[in-house]
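The values are calculated or read from the model by the stated rules, or taken from the named source; none is laboratory data. Predicted model, so just to flag it, every value in this text is computed and none were measured. Counting neighbours? That spans all protein chains shown, and the Cβs are built from the backbone with ideal geometry, glycine included. Just the protein is used for accessible areas: all its heavy atoms, side chains included, with ligands, DNA and RNA removed. Shrake-Rupley method; radii C 1.70, N 1.55, O 1.52, S 1.80 Å.
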Amino acid sequence: MRVCADCGGELEAAYRFCPWCAAPQRRKLVEFFPAHPRDVGMALRVSRYLTEDPHVRFSVWNSDGVAEAAVSLEEEEAERLAAFLAGPEPERQTLARVLRRRAAAYLR
């Protein structure tokens with residue numbers, strides 16, 4: 001069993017957050033993303049730092065396991081990037097809009 005550095009509560013090594021005080025137990029979360037087939041041998045590594053200076057770092061890795069480029073984003077920019085990647089929100093279909101479209105199609 002490990003001990004939380006913030007509250008001293010016991011926790012399992014696999015826990016990302018303390019079950020007693022919710023303090024993050026890992027200071028960095030990492031995900032790897034394989035590249036598009038046209039970029040075979042490359043990968044994107046995204047690291048989220050949960051430190052006093054929180055940020056997100058993107059690095060491009062080659063097949064030799066070497067980072068070829070990296071850039072860090074502030075939290076606000078990382079959120080803006082996430083919204084961009086999510087794409088536009090679908091148009092909400094209000095009842096009035098649906099009825100107008102049906103009426104317009106009927107009158108044609």
Checklist entry - With θ set to phi - 60° and the Karplus curve 6.51 cos²θ - 1.76 cosθ + 1.60, what are the ³J(HN,Hα) couplings of the range 67-77 in order, to the nearest whole Hz, using x for Gly and Pro? => result 6, 8, 7, 8, 8, 10, 10, 5, 3, 5, 5
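Starting from the residue with the highest accessible area, list Tyr106, Tyr49, Tyr15 in decreasing order, probe 1.4 Å.
So the residues, ranked largest to smallest area, are Tyr106, Tyr15, Tyr49.
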Next on the checklist: Explain nothing, just compute: Karplus ³J(HN,Hα) = 6.51 cos²θ - 1.76 cosθ + 1.60, θ = phi - 60°, for every residue of the range 36-53 in order, whole Hz, x for Gly and Pro.
Outcome noted: 4, x, 5, 10, 3, x, 10, 8, 10, 10, 10, 10, 10, 8, 9, 9, 5, 10
Item to check | In order through the range 12-18: 3J(HN,Hα) via Karplus (6.51 cos²θ - 1.76 cosθ + 1.60), integer Hz, x for Gly, Pro | outcome: 6, 4, 6, 5, 7, 9, 5
Checklist entry - Tell me, what % of the accessible area of the range 5-108 is carbon and sulfur with a 1.4 angstrom probe? => result 57 percent
Checklist outcome for this item: Along the dipole axis of the range 49-108 (charges at Cβ: +1 for Lys and Arg, -1 for Asp and Glu; origin at the Cα centre), the most positive-end residue among His55, Ala69, Ala103 is Ala103
Next on the checklist: Looking at the chain as a GNM with Cα springs under 10 Å, which of Arg45, Arg97, Arg16 has the largest mean-square fluctuation?
Outcome noted: Arg97
Item to check | Per residue accessible area in Å² of the chain, where ligands, DNA and RNA are left out and the probe is 1.4 Å | outcome: 82 Å²
Item to check | Amide H contacts under 5 Å for Gln25, placed H, 5+ residues apart | outcome: Phe17, Cys18
Item to check | Among Ala22, Gly41, Pro88 the positive-end extreme of the charge dipole of the chain (Cβ point charges) | outcome: Pro88
Checklist entry - Where does the chain land at 222 nm, in deg cm²/dmol rounded to the nearest 500, when only DSSP H runs of n ≥ 4 count, each adding -39500 (n - 2.57), divided by all residues? => result -7500 deg cm²/dmol
Checklist entry - For the chain, modelled as a Gaussian network with Cα springs under 10 Å, which listed residue fluctuates most, Ala23, Ala96, Ala35? => result Ala96
Checklist entry - In terms of the Cα gyration tensor, with a ≥ b ≥ c the square roots of its eigenvalues, is the chain rounded because a/c is under 1.5, prolate because a/b exceeds b/c, or oblate? => result oblate
